[in-house]
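**Student:** After the structure tokens below, expect a handful of questions from me.
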Amino acid sequence: MSRRIRVVIGKPGLDGHDRGAKVVSRALRDAGMEVIYTGIRQTPSEIVNTAIQEDADIIGLSILSGAHMKLCEKLLKLLKEKDINIPVFLGGIIPEDDIPVLKEIGIKEVFTPGTSLELINNKVKEIVLGE
Amino acid sequence: MFRDEELKKIKDERELWHEKVVKKAIERFPERKEFKTTYGDEIKRVYTPEDIEDLNYSEDLGFPGQYPFTRGVQPTMYRGRFWTMRQYAGFASAEESNERYKYLLSQGTMGLSVAFDLPTQIGYDSDDEMSEGEVGKVGVAIDSLADMEILFNEIPLDKVSVSMTINSTASVLLSMLIAVAEKQGVSPDKIRGTIQNDILKEYIARGTYVFPPKPSMKIIDDIFEYGSKNLPKFNLISISGYHIREAGANAVQEVAFTLADGIAYVESAIKAGLDPNVFGKNLSFFFNAHNNFIEEIAKFRAARKLWAKIMKERFGVTDKKAMALKFHTQTAGSTLTAQQPQNNIVRVALQALSAVMGGTQSLHTNSFDEALGLPTQKSATIALKTQQIIAYESGVTETIDPFAGSYVVERLTKDIEKKAMEYINKIDEMGGMVKAIEEGYVQKEILNSAYDAQLKIEKNESIIVGVNKFQLEGEEEPSEVLKIKKEVEERQVAKLKKLRETRDNEAVNKALEELKKAALNNENVMPYILNAVKVYATLGEITNLLRDIYGEYNESVLI
């Protein structure tokens, strides 16, 4: 890949705790990626549209409110409907049991609290470059 | 505090100790790392009377219950009665939350702390498109007075103090509480409790704002005016550093930005014609109890002292009660780890202990499973018992402000006060807190601290047990996690539909029309919201009406 990896970090749903989203955004940027953070309270369709407009290589979602199942399903469905193949990863307070289900519906990676920024950086690169 | 010749002797001896003893020790055993406070100051190897040379006992400390309240706001503190042990709770529907409240009360909780779901916090009804997937998730869903009646069913509002974590829609939820109390036969002047009602920190750190700052501040003034007259036992705002700290601020920033928010509220209320000697008594604060035990104790003391000075010197307050900073504390949710979750019980205990040593009036201890989901009944019980053990078994409650006079605690108390004041002065120069927030200054400062703190963990300069050191090999035993069922949303939506069909819609429309007129005429909206609530107008209907008039806030995003 000749250009820098472009990442859209989105915060779907009504939760406003965006420390994680912002810290991860900054870490990805410091690791040499281009990062577009959408801000809080975005609908899945707004995030998908931003990702399309920004020609994103990957979408990262941050959800802490417990609404991750519904929001991820919606967003992945939208991508599918538009026939767009942008990989999606998720970070937040996600119960262990939900992780395999989320991966089954198409979320590439799930990061729970305590994950190192280094690991997130590496995984993001791996997902994008491996696609 | 100490005579000059004594200090000189201590200095000479300390230098000698360093030359002859410490240097050799360091040669043999180099120190582990650089030692720093969360706000970047060097932590000294040892503190001595030299470090509190500038301390004037009467001016800097005084006695508990006396200006500047460094040693506590009540003259006898916990010897008379303990802090209010309050557990933040609320999930799913009003019925389920009511059951949890009754259980917590039976276990010795002294006050309720109501957690609302995000739609309720942002003013959407459960059937709004924006609410999809969020109903009942992080707290209880309240759409109308009908839900509130269930929430407080058989909970006597003249006996149990109720704290509500509600900000942009505080006026509506407070009105619902007043209406429920009246139905129980409890007049508004008898209800005790707190509404968070701190919108500025929502723009900074938590994000559940609705309107732009100006109308938001106007509504807060309305609540102050209405509450000062009608709700004498109620704290009308809880100015919250908690979320500022959770967003990544350090200890100094937590104090500085919280008190700067406080200044903005006081200024706004004075401008609206209110007397700070009166409404000052109904202000309360909310702080975080973070990991660094010593620094945290100093932080609480510094905040109390600084606020007393601000009220007295800046706002000319003369009533002692309006100068005293009363505060609620919550242990730091963001320090809890999903790895080895039972370690969180220990983290919470230490954090809670610092809050008690720092003189808190009310305390919420987090449950150990909160990095995984909402607390289960079991984990919430352990969290509550942690407070009871500190209160009844540890002995720390038997004398007031036990760390006073500690060289390091007094030094840090003074340093935090000074550094927080520097921030406050800077914010004043920028034109006040609302301006500083709109320009993104505060958010940026916090993000810088958050990022630095995370990098320290990555570089193993900060150790988190179980995360970057002492990890467990192999699978951990999974914890039981509270899950909110899908049916909760469906049931809540059905209940709301039924309400709309059965209530007196003519009365609702009339009340909403009157509220609209009042808002457009810049009148105090509180009495009109109360009227609308009483005829079962919904939270969404009321908020949407105000959204149309006041507009919605959009933040400028910075990373």
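**Student:** Just wondering, is there one or more residues in segment B:337-351 that are modelled with pLDDT under 95, in a loop (DSSP other than H, G, I, E, B), surrounded by fewer than 23 Cβ atoms within 10 Å (Cβ to Cβ) and at positive phi?
**Tutor:** There is at least one residue in segment B:337-351 that is modelled with pLDDT under 95, in a loop (DSSP other than H, G, I, E, B), surrounded by fewer than 23 Cβ atoms within 10 Å (Cβ to Cβ) and at positive phi.
**Student:** Here's a follow-up. Give me the pairs, please: first residue somewhere in segment A:61-81 and at the interface with chain B (Cβ under 8 Å from one of its Cβ atoms), second residue anywhere and in a helix (DSSP H, G or I) and among the acidic types (Asp, Glu), beta-carbon distance under 9 Å, and either six or more positions apart or on two chains.
**Tutor:** Cβ pairs passing all conditions: A:Met69/A:Asp98.
**Student:** Conditions: (1) within 14 Å of chain A (Cβ to nearest Cβ); (2) small (Gly, Ala, Ser); (3) within 22 Å of B:Pro188 (Cα to Cα). B:Ala247 meets all but one. Number of the miss?
**Tutor:** B:Ala247 satisfies all of (1) within 14 Å of chain A (Cβ to nearest Cβ); (2) small (Gly, Ala, Ser); (3) within 22 Å of B:Pro188 (Cα to Cα) except (3).
**Student:** Can you go through B:Ile150, B:Ile122 and tell me which one is more than 14 Å from chain A (Cβ to nearest Cβ), out of contact with any strand residue (DSSP E or B) (no Cβ under 7 Å at 6 or more places or on another chain), among the β-branched types (Val, Ile, Thr) and within 30 Å of B:Val493 (Cβ to Cβ)? Steps first, please.
**Tutor:** On the way: B:Ile122 fails: more than 14 Å from chain A (Cβ to nearest Cβ).
Matching residue, one of B:Ile150, B:Ile122: B:Ile150.
**Student:** Any residue in segment B:381-399 that is of a type in the set (S, T, N, Q), touching a strand residue (DSSP E or B) at 6+ places or on another chain (Cβ under 6 Å) and within 17 Å of B:Phe293 (Cβ to Cβ)?
**Tutor:** Yes, segment B:381-399 has at least one match.
**Student:** Still on this model: Scanning for something part of a loop (DSSP other than H, G, I, E, B) and within 14 Å of chain A (Cβ to nearest Cβ), does segment B:376-395 turn up at least one residue?
**Tutor:** yes
**Student:** Of the residues B:Arg206, B:Arg192, which single one is basic (Lys, Arg) and under 28 Å from B:Thr318 (Cα atoms)?
**Tutor:** B:Arg192
**Student:** Any residue at all in segment B:12-28 that's closer than 21 Å to B:Ile294 by Cβ and acidic (Asp, Glu)?
**Tutor:** Among the residues of segment B:12-28, not one is closer than 21 Å to B:Ile294 by Cβ and acidic (Asp, Glu), which makes the answer no.
**Student:** Still on this structure, please answer the following. Pull up segment B:189-210, narrow it to residues that are of a type in the set (D, E, K, R) and in contact with a strand residue (DSSP E or B) (Cβ under 7 Å, 6 or more places away or on another chain), then point me to the one that is surrounded by the most Cβ atoms within 10 Å (Cβ to Cβ).
**Tutor:** Result: B:Lys201.
**Student:** When segment B:95-123 is examined, which residues are found to be within 25 Å of B:Ile199 (Cβ to Cβ) and crowded, with 23+ Cβ neighbours inside 10 Å?
**Tutor:** If we filter segment B:95-123 for residues that are within 25 Å of B:Ile199 (Cβ to Cβ), which is where we start, we get B:97, B:111-123.
If the condition is that a residue be within 25 Å of B:Ile199 (Cβ to Cβ) and crowded, with 23+ Cβ neighbours inside 10 Å, then B:Ser97, B:Leu112, B:Ser113, B:Val114, B:Phe116, B:Asp117, B:Leu118, B:Pro119, B:Thr120, B:Gln121, B:Ile122, B:Gly123 are the ones that fit.
**Student:** Hey, any hits in segment A:18-32 for a residue that's assigned to a helix (DSSP H, G or I), free of Cβ contacts under 8 Å to residues at least 12 places away in the same chain and within 26 Å of B:Thr208 (Cα to Cα)?
**Tutor:** yes
**Student:** Inside segment A:8-54, can you point out the residues that are more than 11 Å from chain B (Cβ to nearest Cβ) and within 20 Å of A:Glu126 (Cβ to Cβ)?
**Tutor:** Hits for segment A:8-54 are A:Val8, A:Ala31, A:Gly32, A:Met33, A:Glu34, A:Ala51.
**Student:** Scan segment B:194-216 residue by residue and report those that are within 14 Å of the chain's Cα centre (by Cα) and not hydrophobic (A, V, I, L, M, F, W, C).
**Tutor:** B:Thr194, B:Gln196, B:Asn197, B:Asp198, B:Lys201, B:Glu202, B:Arg206
**Student:** Does B:Arg547 satisfy the criteria of being closer than 22 Å to B:Asp127 by Cα, in a helix (DSSP H, G or I) and within 14 Å of chain A (Cβ to nearest Cβ)?
**Tutor:** Yes, satisfied.
**Student:** Can you find a residue in segment B:312-325 that is touching a residue at least 24 places away in the same chain (Cβ under 8 Å), part of a loop (DSSP other than H, G, I, E, B) and within 18 Å of the chain's Cα centre (by Cα)?
**Tutor:** yes
**Student:** Also, I was wondering about something else. Among the residues of segment B:387-410, are any buried (at least 21 other Cβ atoms within 10 Å of the Cβ), at pLDDT 95 or above and within 18 Å of B:His364 (Cβ to Cβ)?
**Tutor:** Yes, some residue in segment B:387-410 is buried (at least 21 other Cβ atoms within 10 Å of the Cβ), at pLDDT 95 or above and within 18 Å of B:His364 (Cβ to Cβ).
**Student:** Regarding segment B:188-210, can at least one residue be identified that is away from chain A (no Cβ under 14 Å) and free of Cβ contacts under 8 Å to residues at least 12 places away in the same chain?
**Tutor:** No: segment B:188-210 contains no residue that is away from chain A (no Cβ under 14 Å) and free of Cβ contacts under 8 Å to residues at least 12 places away in the same chain.
**Student:** Of the conditions (1) crowded, with 23+ Cβ neighbours inside 10 Å; (2) more than 14 Å from every other protein chain (Cβ to nearest Cβ); (3) small (Gly, Ala, Ser), B:Gly136 satisfies every one except a single condition; which number is it?
**Tutor:** It is condition (2) that B:Gly136 fails.
**Student:** So, one more: For A:Val88, work out the one condition from (1) buried (at least 21 other Cβ atoms within 10 Å of the Cβ); (2) under 22 Å from B:Leu374 (Cβ atoms); (3) more than 11 Å from chain B (Cβ to nearest Cβ); (4) among the β-branched types (Val, Ile, Thr) it doesn't fulfil.
**Tutor:** A:Val88 satisfies all of (1) buried (at least 21 other Cβ atoms within 10 Å of the Cβ); (2) under 22 Å from B:Leu374 (Cβ atoms); (3) more than 11 Å from chain B (Cβ to nearest Cβ); (4) among the β-branched types (Val, Ile, Thr) except (2).
**Student:** Of the numbered conditions (1) in contact (Cβ under 8 Å) with a residue 60 or more places away in the chain; (2) surrounded by 22 or more Cβ atoms within 10 Å (Cβ to Cβ); (3) assigned to a helix (DSSP H, G or I), A:Asn121 satisfies every one except a single condition; which is it?
**Tutor:** Of everything listed in (1) in contact (Cβ under 8 Å) with a residue 60 or more places away in the chain; (2) surrounded by 22 or more Cβ atoms within 10 Å (Cβ to Cβ); (3) assigned to a helix (DSSP H, G or I), A:Asn121 misses just condition (2).
**Student:** Yes or no: B:Glu27 farther than 27 Å from B:Gln253 by Cα, assigned to a loop (DSSP other than H, G, I, E, B) and free of Cβ contacts under 8 Å to residues at least 40 places away in the same chain?
**Tutor:** Answer is no for this residue.
**Student:** I would also like to ask the following. Hey, could you check segment B:514-531 for residues that are touching a residue at least 60 places away in the same chain (Cβ under 8 Å) and in a helix (DSSP H, G or I) and say which is nearest to the other protein chains (Cβ to nearest Cβ)?
**Tutor:** Going through the qualifying residues, I end up with B:Ile529.
**Student:** Here's a follow-up. Here are the criteria: (1) assigned to a helix (DSSP H, G or I); (2) buried (at least 20 other Cβ atoms within 10 Å of the Cβ); (3) within 14 Å of another protein chain (Cβ to nearest Cβ). Tell me which single one B:Ala371 does not satisfy.
**Tutor:** Condition not satisfied by B:Ala371: (1).
**Student:** Another question, if that's okay. Quick one: in segment B:220-244, of everything that is among the charged types (D, E, K, R) and free of Cβ contacts under 8 Å to residues at least 60 places away in the same chain, which residue is farthest from B:Arg206 (Cα to Cα)?
**Tutor:** So the residue we want is B:Lys229.
**Student:** Could I ask something else about it? State whether the residues of segment B:67-81 include one that is in a loop (DSSP other than H, G, I, E, B), within 25 Å of B:Glu541 (Cβ to Cβ), in contact (Cβ under 8 Å) with a residue 60 or more places away in the chain and over 23 Å from the mean Cα position of the chain (by Cα). Spell out the reasoning first.
**Tutor:** At the first step, the residues of segment B:67-81 found to be in a loop (DSSP other than H, G, I, E, B) are B:67-76, B:80-81.
After this cut, where a residue has to be within 25 Å of B:Glu541 (Cβ to Cβ) as well, the list is none.
No.
**Student:** Further question on the same structure: List pairs: first residue in segment B:268-282 and more than 21 Å from B:Val434 (Cβ to Cβ), second residue small (Gly, Ala, Ser) and not in a loop (DSSP other than H, G, I, E, B) anywhere in the structure, Cβ distance under 6 angstrom, at least six positions apart or on different chains.
**Tutor:** Sorted first by the residue in segment B:268-282, then by its partner, the pairs are B:Asn277/B:Ala322; B:Val278/B:Ser228; B:Lys281/B:Ala322.
**Student:** Filter segment B:329-346 for residues that are in contact with a Ser or Thr (Cβ under 9 Å, 6 or more places away or on another chain) and away from every other protein chain (no Cβ under 13 Å); which is nearest to A:Phe111 (Cα to Cα)?
**Tutor:** Restricting to residues being in contact with a Ser or Thr (Cβ under 9 Å, 6 or more places away or on another chain) and away from every other protein chain (no Cβ under 13 Å), the top hit is B:Gln342.
The values are calculated or read from the model by the stated rules, or taken from the named source; none is laboratory data. Predicted model, so just to flag it, every value in this text is computed and none were measured. In this analysis, Cβ positions are derived from the backbone assuming ideal geometry, glycine residues included, and neighbour counts consider all displayed protein chains.
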